[in-house]
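For reference, the structure discussed in these notes is given below.
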Amino acid sequence: MQEIVGESLARRLVEWGVDTIFGLPGDGINGLMEGFRRQRERLRFVLVHHEEAAAFMATGYAKATGKLGVCVATSGPGAIHLLNGLYDAKLDHVPVLAITGMQETSVLGSHYQQEVHTTHLYQDVAAYNLMVTNPQQMPAVVDLAIRNALSNRTVAHLTFPNDVQVAAAAEDPYRHVSPGTPPASMPTVSRPPVAPAEDEIDRAVAVLDAGKKIAMLVGTGAQDARDEVLAVAEKLASPIVKTLPGKHVVPDDHPLTTGGLGLLGTRPSEELMEECDTVLMVGTSFPYGKFLPSPGQAKVVQLDVDPSLIGMRLPAAAPVTADAKLGLRALVAKLTRRPDRSFLEKHQRGMIAWRSDMAALQDPQRKPIAPQYLMGCVDQAATDDAILTCDSGTIATWAARHWTIRGGREFYLSGNLATMAPGLPYAIAMQHAYPDRQVIAFVGDGGFAMLMAEFLTAVRHELPIKVIINNNNSYGQILWEQIILGYPEYAVRHRQPEANFATWATGCGGYGVKVTQPGDVADAVRAALAQPGPALVDCDVNPNEPPMPGKVKYDQAKHFTEAFLRGQPHKMATMVTVARDKINELRS
């Protein structure tokens, strides 16, 4: 059978090592689907229920594996639906190739049905963005797109008109009038580790040696450098602060870490950032400047593989462009072990108290159920190499503080886009990538409802993902963000009753259980995790549990009070919850 452009695409993806595509067919990509069919023994097509989920799956797959994620959608509305997931990939710097359909070339410009010019639509999200109009461009433009995505850790996009998809791959339809030739390429990319320059390392060592109170701030760019991060922190006597996307860089129970930073972070991390005189930033351009040292307070050494990100938040006295692993190895070889450990020990004591406070909030007696207790039960029952995916919202707070990174555990969420709804699609993609590992999606009722059809995807693909729904029947994070501005909450709670998502799970053919009583939480979580197939726990939690910052500032307390004085509903329930939390912390 004559090879068509759709098959040329599929074959080239296989030659690049792609084995999985997430997507949804449509008449705008029938030629591409035929190409995928012809390569079906080597290229798995994961049929989803919504294109947004396909893009999230490609992004999650890329985050967890470091490989290229690939998603496909039809022309017009299908391509539009991909955008949210693609922006998640772009903002979190992971390589994703988006493939879309386009109306055939003979009707373009005639206001034809579904004629959406996706190259215009994608011009902000995709670093490489091309409509393929001639079979002679294949397969080289596939190489160019993938090479851009991998080398720049970003999104690339190829769109194929219908008639080009089904054209013979060897067809040469036009006279060649330029001195150029059709591009020729190979499915290869050069991505050598970036070693640091010796003079940059020397400057960094000089700054670090001069510091007295040194803090390390590490992000997802350091996720493959755990041993090196710990070795440098040990020499510097430096507490390790972690961004939320970098949560699994080092174990949460390691004595050198004080956990996260920011609204979802810990009190010790915030306090040491207020006190430090030197900061070593590794693999992060942490965006929340209010939680970083004040201007002039601390000298900064910043190590990142992308030089454009260095100095973005704080002026870097010693910038180092390098891979985290190689840069830290070069540093540790020249650093002298610091004998004065008082700064580290002070914040280690603070971290012991913080962990005790957090454990006290996991109260099994509280009714309504405390969301901290739900997350604590998941943490205790999950395996030591489990992957936890998370949505944006209050669930991210509970996961940040009550999901313990230990052993080979990992943690993923939408870091910079902070979109709702990726938790479930991420879990599906990661279960495809790691079929023998436990994969758990910890999501809110709001995010789950957006893409809940993908639980059916998990059932149909026999993926044993576990879904834990923190059901507060509201958009909890938005609720508290309104209050913290001094405004009473508005239009953030759904009407009663809470949905029963467990019935959806069982209706799909999976396992589902609804939990409303605190005494049933632990057993329900353990039973779900023990299921051989897809399982879901829908747990009604206290909607009035505030995701309190690590340190409550005066302005925050002031605005909180103003919201109550201006007519905040549910005042009594919220105050009772806050009082119980404080009593439990004092008891600890």
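The values are calculated or read from the model by the stated rules, or taken from the named source; none is laboratory data. Because the structure is predicted, anything quoted here is derived from the model rather than measured. So basically every Cβ, Gly included, is an ideal-geometry build from the backbone, and we count neighbours across all protein chains shown. Side chains are part of the model used for accessible areas, which takes the heavy atoms of the whole protein and leaves out ligands, DNA and RNA. Shrake-Rupley method; radii C 1.70, N 1.55, O 1.52, S 1.80 Å.
Of note, THR278 satisfies the criterion of being in contact with a helix residue (DSSP H, G or I) (Cβ under 7 Å, 6 or more places away or on another chain) and touching a residue at least 24 places away in the same chain (Cβ under 8 Å).
To keep it simple, each residue is scored yes or no on (1) in a helix (DSSP H, G or I); (2) within 28 Å of TRP403 (Cα to Cα); (3) not hydroxyl-bearing (Ser, Thr, Tyr).
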position	(1), (2), (3)
HIS254	no, yes, yes
GLU271	yes, yes, yes
VAL301	no, no, yes
THR336	no, no, no
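Taken over the stretch 477-494, the criterion of being surrounded by fewer than 19 Cβ atoms within 10 Å (Cβ to Cβ) and in contact with a strand residue (DSSP E or B) (Cβ under 9 Å, 6 or more places away or on another chain) is satisfied by VAL492, ARG493, HIS494. Applying a threshold of 8 Å to beta carbon distances and a minimum spacing of six or more residues, or different chains, the list of pairs starting in the stretch 167-194 at a residue that is β-branched (Val, Ile, Thr) and ending at one that is assigned to a loop (DSSP other than H, G, I, E, B) reads VAL194/VAL305; VAL194/ALA322; VAL194/ASP323.
Apart from one condition, PRO182 fits all of (1) surrounded by 13 or more Cβ atoms within 10 Å (Cβ to Cβ); (2) part of a helix (DSSP H, G or I); (3) not small (Gly, Ala, Ser); the exception is (2).
Checking each residue in the stretch 495-541 for being of a type outside the set (A, V, I, L, M), in contact with a helix residue (DSSP H, G or I) (Cβ under 8 Å, 6 or more places away or on another chain), within 17 Å of ILE369 (Cβ to Cβ) and open to solvent by 10 Å² or more (accessible area, probe 1.4 Å) picks out GLU498, PHE501, LYS514, PRO518, ARG526. The set of residues in the stretch 515-546 being in a helix (DSSP H, G or I) and without any contact (Cβ under 8 Å) to a residue 60 or more places away in the chain consists of ASP520, ASP523, ALA524, ALA527. A residue that is charged (D, E, K, R), assigned to a loop (DSSP other than H, G, I, E, B), open to solvent by 70 Å² or more (accessible area, probe 1.4 Å) and within 30 Å of TRP16 (Cα to Cα) can be found somewhere in the stretch 185-195.
Among the candidates GLN380, GLN365, the residue that is surrounded by fewer than 24 Cβ atoms within 10 Å (Cβ to Cβ), modelled with pLDDT of 95 or more and under 22 Å from ALA524 (Cβ atoms) is uniquely GLN380. As a summary of the residue check, VAL443 satisfies the conditions (1) open to solvent by 20 Å² or more (accessible area, probe 1.4 Å); (2) touching a strand residue (DSSP E or B) at 6+ places or on another chain (Cβ under 7 Å) except for the one numbered (1). Collect the residues in the stretch 398-436 that are small (Gly, Ala, Ser), more than 14 Å from ASP253 (Cα to Cα) and open to solvent by 10 Å² or more (accessible area, probe 1.4 Å), keeping them in residue-number order. If the condition is that a residue be small (Gly, Ala, Ser), more than 14 Å from ASP253 (Cα to Cα) and open to solvent by 10 Å² or more (accessible area, probe 1.4 Å), then GLY415, ALA418, ALA433 are the ones that fit. For the stretch 4-43, filtered to residues that are outside any helix (DSSP H, G or I) and of a type in the set (Lys, Arg), the residue that is surrounded by the most Cβ atoms within 10 Å (Cβ to Cβ) is ARG42. Here ASN162 meets each of (1) modelled with pLDDT of 95 or more; (2) under 30 Å from THR278 (Cα atoms) with one exception, condition (2). Within the stretch 50-57, identify whether any single residue is more than 30 Å from the chain's Cα centre (by Cα) and in a loop (DSSP other than H, G, I, E, B), and answer yes or no. No - not one qualifying residue is present in the stretch 50-57.
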